[in-house]
Amino acid sequence: MDFQYSPRVKELQARLNAFMDEHVYPNEARFHAEIEENRKKGDAWVPTMVMEELKEKARAAGLWNLFLPESEHGAGLTNLEYAPLCEIMGRAGWAAEVFNCSAPDTGNMEVLARYGTPEQQEQWLKPLLEGKIRSCFAMTEPAVASSDATNIESRIELDGDHYVINGRKWWSSGAGDPRCKVFIFMGKSDPDNPNKHKQQSMIIVPRDTPGVRVVRHLPVLGFDDAPHGHAEIVFENVRVPASNMLLGEGCGFEIAQGRLGPGRIHHCMRLIGLAERALEKMCQRTMNRVAFGKPIAEQTVTLERIANARILIDQARFLVLNAAQMMDTVGNKAALKEIGMIKVAAPNMACQVIDWAIQAHGGGGMADEFLAHAYASARSLRLADGPDEVHRNQVGKLELAKYRQTPKPH
């Protein structure tokens, strides 16, 4: 394993850190203030002015679409090269969008780049890459345990030269954003297929199609995450052209695996940046607070937590870099175990580190907006893109498979 960053990555790291120092961190208060002002006016889902201003600056600085490995649409970086850059963006929960590198758009752009027709790419991928629109991925359903995606009940039925879509989805991130113009929808097109992984398809649904109705916005531990947010949506007799089908009927699982692998690793990369910043805040706070005659930083329990936080963060980082290298060298499917491992390790690590940072702040930790939102984000990622239990089961099965294929030790 060689995790040494190339000169190009080091140069991008320096430029990205400089951009964060000059433009992102100084505007955090303004970003949240604009959202609160819009909320007071009755619509928290209005895009903030500061975000749109920073997007233009990022594009002008050449810090745009840094993801999309093996694609002419991105920066040409591998997963391993993108990892340290994604980590920097993760230090502020809203920063990835500044660089057009935020979920679910990144995953949807990867789907369109890999599986979309030239016409689909022209209509939807191009404006997404330009940051002119946003998108939503509609997969999870409230009526079934969506941790087993074969449970999905939504239907995609062919009717002449159109498909008719019916179903109820939730935790559909980004649907509340008025810039969201397109959904990628997963449902069953062939529910009687004996191969349960060939029953599903993915199809493009324009946001303004009749029959698409946002029922409600779902809070995450009290945060509405406006103007991005997560919605419950009803699709009722939604008709779209047959040409909106992605890759072909029955290819939904194939597309999902191609989409969720990179999406999972991006989440883990960002969580490492979030945990690093929480540790920084913890160290700064404990050095400046005195209890029982000495700074809290000198208390044994604090030293132990700081040390453990450093160990946990570095462990997670190396696991993520290893998974990224595996994805680059042997492909997403062969790296399934490594992706599953980081999807368990990174959110649990971040939850623990952020919890220690909250504890170190005392009562102030409960009111610290960054730490509270960071914890909510990290905790939600123990469920998003597959819960811990599913990934642990998968890793366990893959580990046991080695022993089923080799003779028993004597």
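The values are calculated or read from the model by the stated rules, or taken from the named source; none is laboratory data. Worth saying up front: this structure is predicted, and the values here are computed from it rather than measured. No Cβ is skipped: glycine too gets one built from the backbone with ideal geometry, and neighbour counts run over all protein chains shown.
One line per residue, one yes/no per condition, for (1) assigned by TED's automatic domain parsing to the domain that holds residue 325; (2) more than 23 Å from residue 179 (Cα to Cα); (3) not in a strand (DSSP E or B):
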residue: 210; (1), (2), (3): no, no, yes
residue: 215; (1), (2), (3): no, no, no
residue: 268; (1), (2), (3): yes, yes, yes
residue: 281; (1), (2), (3): yes, yes, yes
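Per the listing 285, 264, 305, the residue uniquely under 27 Å from the mean Cα position of the chain (by Cα) and assigned to a helix (DSSP H, G or I) is 264. Taking the listed residues 327, 349, the one that is in contact (Cβ under 8 Å) with a residue 60 or more places away in the chain and closer than 22 Å to residue 277 by Cα is 349, with no other qualifying.
Scanning the stretch 303-320 for residues that are in contact with a Phe, Trp or Tyr (Cβ under 9 Å, 6 or more places away or on another chain), under 17 Å from residue 284 (Cα atoms) and surrounded by fewer than 22 Cβ atoms within 10 Å (Cβ to Cβ) returns 305, 306, 308. Can residue 353 be described as among the β-branched types (Val, Ile, Thr), out of contact with any strand residue (DSSP E or B) (no Cβ under 8 Å at 6 or more places or on another chain), in a helix (DSSP H, G or I) and over 21 Å from residue 283 (Cα atoms)? It is false that residue 353 is among the β-branched types (Val, Ile, Thr), out of contact with any strand residue (DSSP E or B) (no Cβ under 8 Å at 6 or more places or on another chain), in a helix (DSSP H, G or I) and over 21 Å from residue 283 (Cα atoms). Scanning the stretch 284-302 for residues that are β-branched (Val, Ile, Thr) and surrounded by fewer than 14 Cβ atoms within 10 Å (Cβ to Cβ) gives 290, 300, 301. Does residue 38 satisfy the criteria of being polar (S, T, N, Q) and over 30 Å from residue 170 (Cα atoms)? The answer is no for residue 38. When the stretch 41-56 is filtered for residues that are over 20 Å from the mean Cα position of the chain (by Cα) and more than 19 Å from residue 24 (Cα to Cα), the ones remaining, listed by number, are 41, 42, 43, 44, 46. Answer yes if at least one residue in the stretch 188-201 is closer than 20 Å to residue 128 by Cα and at pLDDT 95 or above, and no otherwise. No: the stretch 188-201 contains no residue that is closer than 20 Å to residue 128 by Cα and at pLDDT 95 or above. Only a single item in (1) modelled with pLDDT of 95 or more; (2) among the polar types (S, T, N, Q); (3) over 25 Å from residue 36 (Cβ atoms) is not met by residue 380, and it is number (3).
Within the stretch 345-383, the set of residues being small (Gly, Ala, Ser) and under 21 Å from residue 291 (Cβ atoms) comprises 357, 360, 362, 363, 364, 365, 367.
For the stretch 1-51, a tally of residues being in a loop (DSSP other than H, G, I, E, B) and not small (Gly, Ala, Ser) returns 11. Answer yes or no as to whether residue 348 is in the same structural domain as residue 289 (by TED's automatic domain parsing) and assigned to a loop (DSSP other than H, G, I, E, B). No; evaluated as a whole, the condition is false for this residue. Can you name every residue in the stretch 216-237 that is of a type in the set (D, E, K, R) and farther than 17 Å from residue 43 by Cβ? If the condition is that a residue be of a type in the set (D, E, K, R) and farther than 17 Å from residue 43 by Cβ, then 232, 236 are the ones that fit.
Taken over the stretch 205-250, the criterion of being surrounded by 16 or more Cβ atoms within 10 Å (Cβ to Cβ) and of a type in the set (Gly, Ala, Ser) is satisfied by 226, 229, 231, 250. Looking only at the stretch 115-127, residues that are in contact with a strand residue (DSSP E or B) (Cβ under 7 Å, 6 or more places away or on another chain) and without any contact (Cβ under 8 Å) to a residue 40 or more places away in the chain come to 0 in all.
Among residues of the stretch 35-64 that are in the same structural domain as residue 77 (by TED's automatic domain parsing), those with a Cβ under 6 angstrom from a residue that is outside any loop (DSSP other than H, G, I, E, B) and among the polar types (S, T, N, Q), sequence gap 6+ or separate chain, pair up as 44/38; 46/38; 50/27. Here the condition is being modelled with pLDDT of 95 or more and out of contact with any strand residue (DSSP E or B) (no Cβ under 9 Å at 6 or more places or on another chain); of 164, 144, it holds for 144 alone.
Checking the stated criteria, residue 109 turns out to be out of contact with any strand residue (DSSP E or B) (no Cβ under 7 Å at 6 or more places or on another chain), among the hydrophobic types (A, V, I, L, M, F, W, C) and free of Cβ contacts under 8 Å to residues at least 60 places away in the same chain.
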